[in-house]
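Asks: Questions regarding the structure given below will be posed in turn.
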Amino acid sequence: MTENIYKEFGICDEVFELGERILEKIKNRFGKIDETAEYNQMRVISAMQKNRVSAPCFAESTGYGYDDMGRDTLERVYADCFHTEDALVRPQITCGTHALALALGANLLPGDELLSPVGRPYDTLEGVIGIRPQIGSLAEYGVKYRQVDLLKDGGFDFDGIRAAMTDKTKLVTIQRSKGYQTRETFSVEKIASIIKFVKQIKPDVICMVDNCYGEFVERTEPSDFGADMIVGSLIKNLGGGLAPSGGYICGTRECVERCAARLTAPGLGKEVGTNMGLMRQLYQGFFLAPTVVASALKGAVFAANIYEELGFKVVPNGTESRHDIIQAVELGSPERVVAFCKGIQAAAPVDSYVTPVPWDMPGYDSQVIMAAGAFVQGASIELSADAPLREPYAVYFQGGITWAHAKLGILMSVQKLYEEQLISLK
Ligand SMILES: *Cc1c(COP(=O)(O)O)cnc(C)c1O
């Protein structure tokens with residue numbers, strides 16, 4: 001029966017059977033992913049119970065949003081779950097870049113130095129920091145940026161980091177996920193080691209972790225190991241697919257207070273900001289996040305193993321441990337990249353009839369193709385794929401609010417490649 005329903009989507013026996021064969025092989029991995037989700041689910045429920053979440057928390061506030069119980073309680077839930085003193089969780093934070101810009105801008109003053117000990121940051125942060133000249137960048141405000149690249153073997157350049165730290169180094173930014181780079185994603189353990197190292201050199205340095213795509217992949221978060229702020233987007237992991245907008249910063253009381261003063265206004269801080277009637281989605285999304293992340297992870301592991309079997313290089317590979325939900329597949333030709341994205345699109349619940357095509361995008365030096373059929377525009381916790389049309393023709397894909405949808409998307413991508421004779425099935 002299951003096989004027949006896939007046939008209705010145009011998936012042939014060979015592709016379906018390949019999928020089943022791979023699934024048999026990775027059962028164990030799925031078991032481990034479910035165990036992590038179970039553990040994190042308990043953490044979320046515990047934080048909600050402790051803070052007595054109740055129906056009035058879901059009520060809409062308007063105007064200034066004074067005494068917004070839903071908003072204030074949600075922030076305590078996040079803070080408790082991630083073991084931080086405080087949190088800022090707001091729909092007014094428009095995206096991950098905004099949350100990161102807020103955390104940096106609020107905690108760095110003119111003359112301060114910002115250090116990235118893990119190489120180049122995510123593309124959009126280059127404008128925020130001023131690596132790429134941009135109106136309103138930190139550079140414009142007199143914040144100096146230093147960067148220490150990773151060693152050739154991908155390890156931290158501890159000597160380089162020590163040399164780059166001065167008495168002006170105020171904040172160290174650590175990006176957990178690889179983004180669109182080829183380096184590995186850092187485990188929480190690795191992030192803990194770098195935090196420990198920089199705090200030994202300068203105990204009062206603020207450690208900020210760009211936590212995008214990493215939340216709930218492991219049982220701990222960088223905030224359990226000395227990170228002063230963890231920062232991310234609610235249309236990625238923690239929104240659980242339900243949050244229509246928003247970002248979060250969990251951290252020390254002092255850091256979060258500064259962020260709030262910057263988000264709203266000095267003197268107003270966390271006291272204002274209507275919840276826009278989004279509270280139920282933000283609570284329920286957070287409640288669902290551990291299992292949604294598990295679904296996305298299963299999709300990533302499934303894809304890694306299928307495409308490895310088909311002879312492609314995949315990062316991470318089929319057996320490596322996971323620290324974020326991103327999967328890269330090096331397809332080696334533009335035709336394959338396009339076919340892959342067509343498959344992902346064709347499996348979507350929304351806009352499935354649309355054919356993705358490569359396009360010139362501002363800020364990119366080559367054409368880019370994107371596949372997304374999402375309920376929330378641009379939400380990358382939903383099954384989505386994108387790829388710049390250049391060597392090595394790697395496609396990055398992520399998300400999948402349900403494992404079954406992720407599976408369908410991946411099988412469809414294989415089907416499209418097979419139909420266009422761009423792969424051969426053994
Ligand atoms: C997605 C992402 C960002 C930026 O988030 P947006 O919501 O796209 O602005 C920053 N850093 C990393 C590592 C990301 O994955």
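The values are calculated or read from the model by the stated rules, or taken from the named source; none is laboratory data. Predicted model only: the values in this text are computed from it and were never measured. Quick reminder, even Gly has a Cβ in these numbers, built from the backbone with ideal geometry, and neighbours come from all protein chains shown. Calculation scope for accessible area: heavy atoms of the full protein, side chains included, ligands and nucleic acids excluded. Shrake-Rupley method; radii C 1.70, N 1.55, O 1.52, S 1.80 Å.
Asks: Given H placed on each backbone N at 1.01 Å, which residues far from residue 130 in sequence or on other chains put an amide H within less than 5 Å of it?
Replies: 138, 139
Asks: Related question: For the chain, what is the convex hull volume of the alpha-carbon atoms per residue, in Å³?
Replies: 144
Asks: Counting pairs of alpha carbon atoms under 8 Å apart in space and at least six apart in sequence, what relative contact order in percent does the stretch 148-232 give?
Replies: 29
Asks: Sticking with this one: Between the stretch 255-304 and the stretch 4-39, what is the C-alpha centre distance in whole Å?
Replies: Taking the Cα centre of each part, the stretch 255-304 and the stretch 4-39 sit 30 Å apart.
Asks: Could you order the peptides 1-9, 37-45 from most to least packed, using the average number of other C-beta atoms within 10 Å per residue?
Replies: Sorting 1-9, 37-45 by mean packing, highest first, produces 37-45, 1-9.
Asks: Here is a follow-up. Could you tell me how many degrees, from 0 to 90 and to the nearest 10, lie between the Cα long axis of helix 253-263 and the main elongation axis, the longest principal axis, of the Cα atoms of the chain?
Replies: Taking the Cα atoms of the chain, the angle to 253-263 is about 80 degrees.
Asks: Using only alpha carbon pairs under 8 Å that are at least six residues apart, calculate the relative contact order of the stretch 43-286 and give it in whole percent.
Replies: 29
Asks: Of the accessible area of the stretch 43-286, with the probe set at 1.4 angstrom, what percent is carbon plus sulfur?
Replies: Carbon and sulfur atoms account for 53 percent of the accessible area of the stretch 43-286.
Asks: Right, something else. Enter the angle in degrees (range 0 to 90, nearest 10) between the Cα long axis of helix 69-81 and the first principal axis of the Cα atoms of the chain, meaning the one along which they spread out most.
Replies: The angle comes out at about 80 degrees.
Asks: What nm distance separates the two modelled labels at residue 168 and residue 42, each placed 7 Å from Cα along Cα→Cβ?
Replies: 4.9
Asks: Now, a different point. Could you tell me the calculated FRET efficiency between residue 85 and residue 20, based on Cβ-Cβ distance and R0 = 45 angstrom, to the nearest 0.05?
Replies: 0.40
Asks: Let me ask something additional. Sort the following peptides by mean Cβ neighbour count (other Cβ atoms within 10 Å, averaged over residues), highest first: 167-178, 383-394.
Replies: In decreasing order of mean packing, 167-178, 383-394 become 167-178, 383-394.
Asks: Next question, about the same structure. Leaving out ligands and nucleic acids, note down the accessible area per residue over the stretch 273-401 with a 1.4 angstrom probe, in whole Å².
Replies: Values: 4770 Å² over 129 residues.
With the other protein chains kept in place, the stretch 273-401 gives 37 Å² per residue.
Asks: Mean residue ellipticity at 222 nm from the helices of the chain, using -39,500 (n - 2.57) per DSSP H segment of n ≥ 4 over the full residue count, to the nearest 500 deg cm²/dmol?
Replies: -13000 deg cm²/dmol
Asks: Here are some pairs, 32/342; 170/190; 27/298; 27/190; 144/178; which of them have Cα atoms lying more than 19 Å apart in this structure?
Replies: Result: 32/342; 170/190; 27/190; 144/178 exceed 19 Å.
Asks: Going by amide H atoms built from the backbone, whose H comes under 5 Å of the H on residue 210, apart from near neighbours?
Replies: Residues meeting the criterion, in which the H sits 1.01 Å from N, are 174, 175, 176.
Asks: Once the Cα atoms of helix 403-419 and of the chain are each reduced to a long axis, what angle between those two axes, in degrees from 0 to 90 to the nearest 10, is obtained?
Replies: The two axes meet at around 50 degrees.
Asks: Here's a follow-up. Could you tell me what % of all Cα pairs in the stretch 270-317 have separations over 16 Å?
Replies: 60
Asks: What are the extents of the Cα atoms of the stretch 43-286 along their three principal axes, in Å, largest first?
Replies: Per principal axis, max minus min of the Cα coordinates gives 53, 36, 31 Å.
Asks: Quote the relative contact order of the chain in percent (integer), defining contacts as alpha-carbon pairs under 8 Å separated by 6+ residues.
Replies: 18
Asks: Now for a different question. Choose one of 141, 130, 74: the residue whose Cα lies farthest towards the positive end of the charge dipole of the stretch 43-286 (beta-carbon charges +1 Lys, Arg; -1 Asp, Glu; about the Cα centre).
Replies: The listed residue farthest towards the positive side: 130.
Asks: Turning to a different aspect of this structure: Please state the charge dipole magnitude for the chain, taken about the Cα centre, from unit charges on C-beta atoms (+1 on K and R, -1 on D and E), reported in debye and rounded to the nearest 20.
Replies: In debye, rounded to 20, the chain gives about 520.
Asks: Once Rh for the stretch 155-288 is found with the Kirkwood sum over Cα pairs, what is the Stokes-Einstein diffusion coefficient at 25 °C and 0.890 mPa s, in µm²/s?
Replies: After rounding, the answer is 151 µm²/s.
Asks: So, for the stretch 139-270, what is the accessible surface per residue at a probe of 1.4 Å, expressed in square angstrom?
Replies: Each residue of the stretch 139-270 exposes 41 Å² on average to a 1.4 Å probe.
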